[in-house]
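One structure is given below, encoded as structure tokens.
Computed from the coordinates by the stated procedures, all read-outs in this text should not be read as laboratory data. In this text, all values refer to a predicted model and were calculated from it rather than measured experimentally. Virtual Cβ from ideal backbone geometry, glycine too; neighbours counted across all protein chains shown.
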């Protein structure tokens, strides 16, 4: 009886060792494959650059556009003396958001300092 128990334990230990070795071999393989991912990105970038260079060589160079004078930006405080009347139905935070959107669309460096309800 003890001989059967010993052979069962030996077989269990052998199966455990084979299982652990298999797991660590697969993990080492996965680490190796993941370490190669950095080269895949370089390879893909190289292919894209080669395709762009090929297109650039085949296409004629476009004519340079005429220079355009830059628009003069509005300076800060250009609306400082202006008064904006807001109807009683509009909340102050809504008005601030609307004024900020208008200022952003106008392209100036505006800053809303305060919102007061007009009487």
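Here are the numbers:
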item: The range 2-58: C-alpha gyration tensor shape, a/c 1.5 cut-off, then a/b vs b/c; result: prolate
item: Added length on full extension, which subtracts the Cα-Cα distance from 0.36 nm per residue, residue 50 to residue 24; result: 5.4 nm
item: Peptide ranges 37-43, 93-99 listed from the most packed, as the mean C-beta count within 10 angstrom indicates; result: 93-99, 37-43
item: Potential extension, residue 13-residue 104 segment - 0.36 nm per residue separation minus Cα distance; result: 25.4 nm
